[in-house]
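The structure appears right after this line, and notes come after that.
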Amino acid sequence: MTTHEGITQAADRLTDEIVALRRKIHEHPELAFEEQNTAARVEEHLRKLDIACRTGVGKTGIVALLEGARPGPTIAIRADMDALPITEPAGLSFASKVPGKMHACGHDAHTAIVLGVASMLAPLRAKLAGRVMFVFQPAEETLSGAAAMLEAGAFADPIPDAILGFHNWPQLRTGTVGWHPDAVMASSDAFDLALKGVGGHGAHPHLAVDSIVGAAQFVTQLQTIVSREIAPIASAVVSIGRIAGGTARNIIAPSVELSASVRTLDADTAARVEAAVRRILEGIKIGMRIDYELKWTKLTPVLRNDRATMTRVLEIARDTLGPANVVEMPSPSMGSEDFAWFAERVPSAHLRIGSKIDGHDTAIHRADYQLNEQMIPLAMKVMTRAVLGLLP
Ligand code: NI
């Protein structure tokens, strides 16, 4: 049963059940930290398999443990459960039944796949040396669920020896798996800023301190961080996504609010960007008399694969799908994934699993997003074998 063939047969037997489960979850999408029904479905499936689970870990998260008959390492596998505030167009027989909410990132499939992995591993417990930890995470889209689970003790007892993660990838052919040797996805910092001047009559600027001119200076100076302070071969993005200030043409605005996103591929670059933002703000304070309030939030670190873990997982993926179907991705993404918090604690490997529907060009987080359900049994096979391959 633990043979390649046994795993393939087990996955094929379970495919209809797991696809049906994915479709049920797809019909009932839930946003970050609201995944009550999804978590209940997960719990029900795990209890049927007689796998012990802890619920409410980081609000709606679940940590389940499959105990092998003999002692050994603990290998974790993680699925994210949340959906997005997007309205799904009509068309699919199992389209979202909740207006304004849609599984437009495929986390419904991720959850079903890891339940499929649990279904495949549960009958093997008598043969296992070690434990398998199943992590069902809320709120990936807001980059806050993983940290909430860790804070709630997800890794307190036991601490996993490695963790596996994956994301479906609609640009990648179904039947293939993509990987990165090192950094996979960017760190994400966010800052919210209030620039504070003094309001006044538009005709009497000398009696006021104009926060709009200060904001204009700030936004312009911010552009020199990436272009003049970060090494050209390093990667950083600093984007202001929101700016608000002022009420009327003849009133000098007393304050301006800005919100920004910062992405990098290493902690040193992230620290340099933060230091530069703070220095520029001090300069504006001295030079323009504009005070500020800055709230800096570290949403997630860089997601980095562990080389040894990834090497083992790739051997298994090549053996499962054929060497030509395991492709090194050309560059990391400047998008972020809060699996990075788990990966910061324990060695990890994160895969992109091809989910392309031929002739349908789409991307995650779009209303026309769809995944190819043929990726579901393939992912179950690769991930089940990867877990087994990391156990003795
Ligand atoms: Ni996603």
- Going through (1) more than 16 Å from the ligand (Cβ to nearest atom); (2) at pLDDT 95 or above; (3) of a type outside the set (S, T, N, Q) one by one, LYS101 fails only at (1)
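Looking only at the stretch 211-219, decide whether some residue is in a strand (DSSP E or B) and either among the β-branched types (Val, Ile, Thr) or closer than 26 Å to THR300 by Cα (or both).
Keep residues of the stretch 211-219 that are in a strand (DSSP E or B), which gives none.
There is no residue in the stretch 211-219 that is in a strand (DSSP E or B) and either among the β-branched types (Val, Ile, Thr) or closer than 26 Å to THR300 by Cα (or both).
If I filter the stretch 135-142 for residues that are within 16 Å of the ligand (Cβ to nearest atom), crowded, with 24+ Cβ neighbours inside 10 Å, part of a loop (DSSP other than H, G, I, E, B) and at positive phi, do I get at least one hit? Show your work before the answer.
Step one: list which residues in the stretch 135-142 are within 16 Å of the ligand (Cβ to nearest atom), which gives 135-142.
With the extra rule that they be crowded, with 24+ Cβ neighbours inside 10 Å, the set shrinks to 135-140.
Now narrow it down to the ones that are part of a loop (DSSP other than H, G, I, E, B): 138-140.
If we keep only those that are at positive phi as well, we get 139.
Checked the stretch 135-142: at least one residue is within 16 Å of the ligand (Cβ to nearest atom), crowded, with 24+ Cβ neighbours inside 10 Å, part of a loop (DSSP other than H, G, I, E, B) and at positive phi.
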- Task: Select from the stretch 343-362 the residues that are over 20 Å from LEU378 (Cα atoms) and within 16 Å of the ligand (Cβ to nearest atom) and write down the one among them that is surrounded by the most Cβ atoms within 10 Å (Cβ to Cβ).
- Result: ALA343
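Could you tell me whether the stretch 159-174 includes any residue that is among the β-branched types (Val, Ile, Thr), buried (at least 17 other Cβ atoms within 10 Å of the Cβ), closer than 16 Å to ALA343 by Cβ and at pLDDT below 95? Give the steps one after another, and end with the answer.
Filtering the stretch 159-174 for residues among the β-branched types (Val, Ile, Thr) gives 159, 163, 174.
Within this subset, residues satisfying the condition of being buried (at least 17 other Cβ atoms within 10 Å of the Cβ) are 163, 174.
Retained after the next criterion (residues that are closer than 16 Å to ALA343 by Cβ): 163.
When the remaining residues are screened for being at pLDDT below 95, the result is none.
No, the stretch 159-174 has no match at all.
For the stretch 1-86, list the strands (runs of 3 or more DSSP E) that sit wholly inside it and hold at least 3 residues that are crowded, with 17+ Cβ neighbours inside 10 Å; which are they?
Working: elements: 52-54, 62-67, 70-80.
The qualifying strands (runs of 3 or more DSSP E) are 62-67, 70-80.
Hey, can you tell me all the residues within the stretch 357-392 that are more than 15 Å from PHE166 (Cα to Cα) and basic (Lys, Arg)?
First pass over the stretch 357-392, keeping only residues more than 15 Å from PHE166 (Cα to Cα): 357-363, 365-370, 372-374, 388-392.
The answer is ARG366, and nothing else.
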- Please tell me if GLU43 is closer than 13 Å to THR111 by Cα and among the charged types (D, E, K, R). yes
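The values are calculated or read from the model by the stated rules, or taken from the named source; none is laboratory data. Here the structure is a predicted model, which is why all the values come from computation and not from measurement. Cβ atoms come from the backbone with ideal geometry, glycine included; neighbour counts cover every protein chain shown.
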